[in-house]
Amino acid sequence: MHVYSVIGKRVPRIDGRVKVRGEAKFAADYEMPGMLWCKILRSPYPHAKIMNIDTSRAERLVGVKAVCTGKDFGGWTWGWMPKTRDEPPLAVGKVRYLAEAVAAVSAVDEETAEEATELIQVEYEELPGVFDPEDAMKEGAPQIHDHAENNVSWDFHMDFGDVEKAFAEADLVREDRFETGRVITGYLEPPAAVAYWDSSGITIWAAKQSPYFVYRHLAACFKLPLNKVRVIQPFIGGGFGGTKNDSLAGDFCSVLFSKMTGKPVKFVYSMEEVLMTCRRRHNMIIHNKMGMKKDGTITAMHSRVIADGGAYTAIGPLTMYLTGCMSTLPYTLPNFKHDAYRIFTNNPIGAAMRGHGVTHTRFAAEIQMEMMAEELGIDPVEVRLRNAITAPHETINKVTVDSCGLSEGLHTLSEHPAWKEREKAKKGKGPLSHGVGISGTSYLGGARQRGHQSCGAVVRVCEDGTINYLTGATDCGQGSDTVLVQIIAEELGLSVEDIDIKRVDTAVTPCDAGSYGSRVTVLAGEAAQKAAHDVKSQLARVAAEKWEADPEDIVFRNGQVFVRTFPERSMPFRKLAQIACYSGSGAVILGRGYSQYGIEVLDFDKGLGNSGTSYSFTSQLTAVDVDMETGFVKCTDMVIAHDCGKPLNPINVEAQSQGAAVQGMGQALYEQFVMDHGRTLNANLADYKMPLSLDGPHIDVIDIITEDPHGPYGAKEASEGAIVSAPPSIISAIHDATGVWFKEQPVTPEKIVMTLKNKKK
Amino acid sequence: MEKKKIHFTLNGHSHELSVQPWKTLLQVIREDLKLTGTKEGCGHGECGSCTVLMEGKTVNSCLVPAVEVDNKEIITIEGLSAGETLHPIQEAFVSHSGMQCGFCTSGMIMSAKALLDSNPNPSEGEIREGITGNFCRCTGYTKIIESISAAAEAMKGEE
């Protein structure tokens, strides 16, 4: 195994110091002289025609500088694909969900702007709404978009092998209905931005985990060339997909107001706005059919997925794709059919969230597989091991896996005392019943999708031997800046302290697809490695010339540069940097690189090909105590055996798995928007339950090392695997404790109590 | 409405301000005194991002009327380190990866400070109890608890 000096070490986060001192500036912390505030007026109806908007009273309020409505954006709409661009910055002619943005005000301060929104008079004609995706698909349901018959926003189908034949030949076939909940990403930093328009174009300090989305959206909306749109990235208070991967009414309106007034304009959404309107995980109904042989071998699966897409398409086509294309991992599946429907409703928009698409169908398949194993008298670990893929592997839909630590992970967990002694521990104190569950899942890393998907890196050598490193990738909390700096340091034989990384600035940093699909370490890491190699080869030429050596023989290590064959020919890196920078009349030592994995095009219509450059495998054990009287579930312990290829920073990898698992726990046990006719009834953090410190279990993370050939230093993804593995392992544990299989998330105490009551009858 | 004059100490410095009676302590800290280390998450006292110490006890500064801090002592995250030297709790959060996005971190550290000031040797359960008013969506709390535990250990030597 290669010995690294920085890679694989528990390097503290490079942004730790500014964060613990409160120095890290987030979007809402920015202000500028003369700055105005933008506030949004939102619809009180989930589905209504806009008959008239009268802004005159708002305009007359002292302190108001400008007012805008949907018409001011000239009919521009956006969406993830050219044919799904159905969302306007502000509603035009019609509102399609409750609290959709209808108009906006800019004023000298926040209070005045807010007051002015209340003076805007909007005349609506209410339309019948539809809030359940299965109702929305029926003939005669209210149609939400003119172009979408039966409210189908997107459908996606896969058909591989012969499922019907395989079902006929199986020893056991089961059909079940599963459902996943409406879950918020749950970042604590509400979306915010300060926008400024002047003759040089747009500058915006915006809370975006993928700033190059808003960069393109603003250029298109305001008809500016890309070099006139500058998105400068503050620190980001959590992302988790969805809202911070997209543009918002506040972004467009603030920019428009700045154009109209010549002043910088700021907006900060309230948490209520976040919870009422922001993009959330699609809730999905999954009708799953699985065939199995007596020995536990899975022969076929057919999934029919119905997703509540809410009012607009957003990134929904990719969500639907991921519900299917990843179903052929991590268990061998020789026959597979998938029919996924994303349905428009008058609910807020369903979009990406950590574990995107995969968490829904994997939960269904994982639980169903275990239910069938139980019927056949097969142990939960055994059924997984029987079907687990081993690398190298190609799935029936041509997903290729070159490293896989699933079986090793499952074996490791099966040896864990919590698993081995689970029968002994079953009866807890008083009404408590103890249960242990297990899961084995997979997630893609280095997401491949449509359009531009590369990451770039620029490495600049300063004359004193320190380094400026530029990346277009965003650290929204996951720790990628630290890992990327480790990569530059490793390649140049420097320490982490020698490297400076600046946050994204689209005027300066190389274009990057964004922080989603677990792509940053894998793809931005590859780019960083290549840019560092470029610098190294430029410096090696200078050194080789001086020492009359072969540039290939120049070694960079521990802050020194030397000739491999004559180690006494050496000098400090900083000395070589100085010589190189001062050569001739002054040279520019600039390295560049970009990732090339992921440029292969997948078949988005058929579900064929790799949606990532590599795949992580997560085996998870969860122990729970279920109060059989109240239905309250306490997760006591989790053990996560995660194969991320090779952890480049083990402390970060642990932190990612721990955070993802607890987020998955919230989703499995209690997180759920309570909706009534399109209205979010629990739009505050007291009534929308996210895990607090007392809810969190003890979590151990075990690294399963597989060293993937595609990732930098063998690395694969580490941030989404455990949000996929957590819900099935928890629900398996609840089954172990109660004897009941729950097929709908979240598994609330009410559901448990009612089910146990009915079971007794 | 008439402004009220208040006098208070913030991070060891005394301040005298005239504030509108509806202003919150959080607004005074962020908008009047321009200290942005204290964050506003929910604005309703639910998330704990705005936690500061008032007379040594944690408060959600978004819920405290500014007029109530008259003659009180307030400490925010900016008041914790001594110049360039980090407070041991801050040090432990850095070395044990007790933060990810950093948005909850200021409030979390203030809650940890109040906890360790009153209980220098907390159990894991007591640490969980001590930070139960602070949401963190990134970490799953494990590394935060380890950080606070390590800080308690480090601070023992100082007494």
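Name the strands (runs of 3 or more DSSP E) wholly within the stretch A:191-250 that hold at least 2 residues that are within 24 Å of A:R42 (Cβ to Cβ)? Steps first, please.
Details: elements: A:192-198, A:201-206, A:229-232.
Filter on the stretch A:191-250 gives A:192-198, A:201-206.
So which residues in the stretch A:330-364 are in a loop (DSSP other than H, G, I, E, B) and over 30 Å from A:N682 (Cα atoms), if there are any at all? Outline the logic, then answer.
Quick first cut of the stretch A:330-364, residues in a loop (DSSP other than H, G, I, E, B) only: A:330, A:332-335, A:345-349, A:352-357.
Residues satisfying the conditions are A:P330, A:T332, A:L333, A:P334, A:N335.
All conditions but one from (1) in contact with a Lys or Arg (Cβ under 7 Å, 6 or more places away or on another chain); (2) facing chain A (nearest Cβ under 7 Å); (3) more than 26 Å from B:L33 (Cα to Cα); (4) small (G, A, S) apply to B:S95; the one that does not is (1).
Restricting A:A623, A:A577, A:A655 to those that are crowded, with 20+ Cβ neighbours inside 10 Å and not assigned by TED's automatic domain parsing to the domain that holds A:A737 reduces the list to A:A577. Only residues that are out of contact with any strand residue (DSSP E or B) (no Cβ under 7 Å at 6 or more places or on another chain) and closer than 20 Å to A:G93 by Cβ were counted in the stretch A:105-140, giving 3. Would you confirm whether any residue within the stretch B:21-31 is at pLDDT below 95 and more than 20 Å from B:I109 (Cβ to Cβ)? Scanning the stretch B:21-31 turns up at least one residue that is at pLDDT below 95 and more than 20 Å from B:I109 (Cβ to Cβ).
Residue by residue, here is whether (1) charged (D, E, K, R); (2) under 21 Å from A:A391 (Cα atoms) holds:
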| residue | (1), (2) |
| --- | --- |
| A:Y713 | no, yes |
| A:I734 | no, no |
| A:A737 | no, no |
| A:M754 | no, no |
| A:K761 | yes, no |
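Of all the residues in the stretch A:483-510, those that are in contact (Cβ under 8 Å) with a residue 24 or more places away in the chain, within 14 Å of chain B (Cβ to nearest Cβ) and surrounded by fewer than 23 Cβ atoms within 10 Å (Cβ to Cβ) number 2. Looking at the stretch A:626-652 only, could you name the residues that are surrounded by fewer than 24 Cβ atoms within 10 Å (Cβ to Cβ) and either at positive phi or not assigned by TED's automatic domain parsing to the domain that holds A:P727 (or both)? Within the stretch A:626-652, A:G631 is the sole residue that qualifies.
Being more than 14 Å from every other protein chain (Cβ to nearest Cβ), among the basic types (K, R) and under 26 Å from A:K743 (Cα atoms) narrows it down to one of A:K259, A:K289, A:K263, so name that one. Step through it out loud before you land on a result.
Values: A:K259 fails: under 26 Å from A:K743 (Cα atoms); A:K263 fails: under 26 Å from A:K743 (Cα atoms).
Result: A:K289 is the single residue among A:K259, A:K289, A:K263 that is more than 14 Å from every other protein chain (Cβ to nearest Cβ), among the basic types (K, R) and under 26 Å from A:K743 (Cα atoms).
When A:Y688, A:Y713 are checked against the criterion of being surrounded by fewer than 24 Cβ atoms within 10 Å (Cβ to Cβ), closer than 26 Å to A:S518 by Cα and touching a residue at least 24 places away in the same chain (Cβ under 8 Å), a single residue qualifies: A:Y713.
What about A:F267, is it under 16 Å from A:A101 (Cβ atoms), at pLDDT 95 or above and part of a strand (DSSP E or B)? Against the criterion (under 16 Å from A:A101 (Cβ atoms), at pLDDT 95 or above and part of a strand (DSSP E or B)), A:F267 qualifies.
Which of the residues spanning the stretch B:78-135 are among the β-branched types (V, I, T) and surrounded by 24 or more Cβ atoms within 10 Å (Cβ to Cβ)? Quick ask: steps written out before the conclusion?
Going residue by residue through the stretch B:78-135, those that are among the β-branched types (V, I, T) are B:85, B:89, B:94, B:105, B:109, B:127, B:131-132.
Within the stretch B:78-135, B:I89, B:T105, B:I109, B:I127, B:I131 meet the criteria.
The sole residue among A:G75, A:G63, A:G70, A:G8 that is touching a strand residue (DSSP E or B) at 6+ places or on another chain (Cβ under 6 Å), small (G, A, S) and not assigned by TED's automatic domain parsing to the domain that holds A:D500 is A:G63. For B:N134, work out the one condition from (1) part of a helix (DSSP H, G or I); (2) within 10 Å of chain A (Cβ to nearest Cβ); (3) among the polar types (S, T, N, Q) it doesn't fulfil. All conditions are met except number (1). Applying the criterion of being at the interface with another protein chain (Cβ under 8 Å from one of its Cβ atoms) and under 13 Å from the mean Cα position of the chain (by Cα) to the residues of the stretch B:103-129, the residue that is farthest from B:R30 (Cα to Cα) is B:I109. Would you confirm whether any residue within the stretch A:240-262 is within 23 Å of B:G37 (Cα to Cα) and in contact with a strand residue (DSSP E or B) (Cβ under 6 Å, 6 or more places away or on another chain)? Checked against the condition, which is being within 23 Å of B:G37 (Cα to Cα) and in contact with a strand residue (DSSP E or B) (Cβ under 6 Å, 6 or more places away or on another chain), the stretch A:240-262 yields no hits at all.
Being in a loop (DSSP other than H, G, I, E, B), over 22 Å from A:Q478 (Cα atoms) and either without any contact (Cβ under 8 Å) to a residue 60 or more places away in the chain or more than 14 Å from chain B (Cβ to nearest Cβ) (or both), is that true of even one residue in the stretch A:16-28? Checked against the condition, which is being in a loop (DSSP other than H, G, I, E, B), over 22 Å from A:Q478 (Cα atoms) and either without any contact (Cβ under 8 Å) to a residue 60 or more places away in the chain or more than 14 Å from chain B (Cβ to nearest Cβ) (or both), the stretch A:16-28 yields no hits at all.
Of all strands (runs of 3 or more DSSP E) completely enclosed by the stretch A:517-587, which ones contain at least 2 residues that are β-branched (V, I, T)?
Details: elements: A:554-557, A:560-563, A:570-572.
Counting at least 2 such residues, we get A:554-557, A:560-563.
Residues in the stretch B:6-20 that are more than 14 Å from chain A (Cβ to nearest Cβ) and without any contact (Cβ under 8 Å) to a residue 60 or more places away in the chain were compared, and the one that is surrounded by the most Cβ atoms within 10 Å (Cβ to Cβ) is B:V19.
All of (1) free of Cβ contacts under 8 Å to residues at least 60 places away in the same chain; (2) buried (at least 20 other Cβ atoms within 10 Å of the Cβ) hold for A:K761 with one exception: (2).
Yes/no per residue for (1) in a loop (DSSP other than H, G, I, E, B); (2) at pLDDT 95 or above; (3) over 24 Å from B:S147 (Cβ atoms); (4) within 14 Å of chain B (Cβ to nearest Cβ):
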position: A:T618; (1), (2), (3), (4): no, yes, yes, no
position: A:K634; (1), (2), (3), (4): no, yes, no, yes
position: A:C644; (1), (2), (3), (4): no, yes, no, no
position: A:A668; (1), (2), (3), (4): no, yes, yes, yes
position: A:A683; (1), (2), (3), (4): yes, yes, yes, yes
position: A:P691; (1), (2), (3), (4): yes, yes, no, yes
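Condition check: in contact with a Pro (Cβ under 6 Å, 6 or more places away or on another chain), modelled with pLDDT of 95 or more, buried (at least 20 other Cβ atoms within 10 Å of the Cβ) and in the same structural domain as A:G262 (by TED's automatic domain parsing). Does A:L98 satisfy that? Write out each step before concluding.
Numbers: in contact with a Pro (Cβ under 6 Å, 6 or more places away or on another chain): yes; modelled with pLDDT of 95 or more: yes; buried (at least 20 other Cβ atoms within 10 Å of the Cβ): yes; in the same structural domain as A:G262 (by TED's automatic domain parsing): yes.
Answer is yes for this residue.
Of the listed requirements (1) free of Cβ contacts under 8 Å to residues at least 60 places away in the same chain; (2) part of a helix (DSSP H, G or I); (3) within 10 Å of chain A (Cβ to nearest Cβ), B:S149 misses just one: (3). If you go through the stretch B:32-54 and keep only what is within 18 Å of A:E110 (Cβ to Cβ) and more than 9 Å from every other protein chain (Cβ to nearest Cβ), you end up with B:D32, B:L33, B:C50. Counting only residues that are hydroxyl-bearing (S, T, Y), surrounded by 24 or more Cβ atoms within 10 Å (Cβ to Cβ) and part of a strand (DSSP E or B), the stretch A:271-315 holds 1 of them. Please enumerate the residues belonging to the stretch B:68-106 that are aromatic (F, W, Y) and in a loop (DSSP other than H, G, I, E, B). Answer for the stretch B:68-106, where residues must be aromatic (F, W, Y) and in a loop (DSSP other than H, G, I, E, B): just B:F103. Inside the stretch A:392-414, residues that are in a loop (DSSP other than H, G, I, E, B) and not small (G, A, S) make up a count of 8.
The values are calculated or read from the model by the stated rules, or taken from the named source; none is laboratory data. It should be emphasised that the depicted structure is a prediction, and the values quoted were computed from it without experimental measurement. FYI the Cβ positions are ideal-geometry reconstructions off the backbone, even for glycines, and counts take in every protein chain you see.
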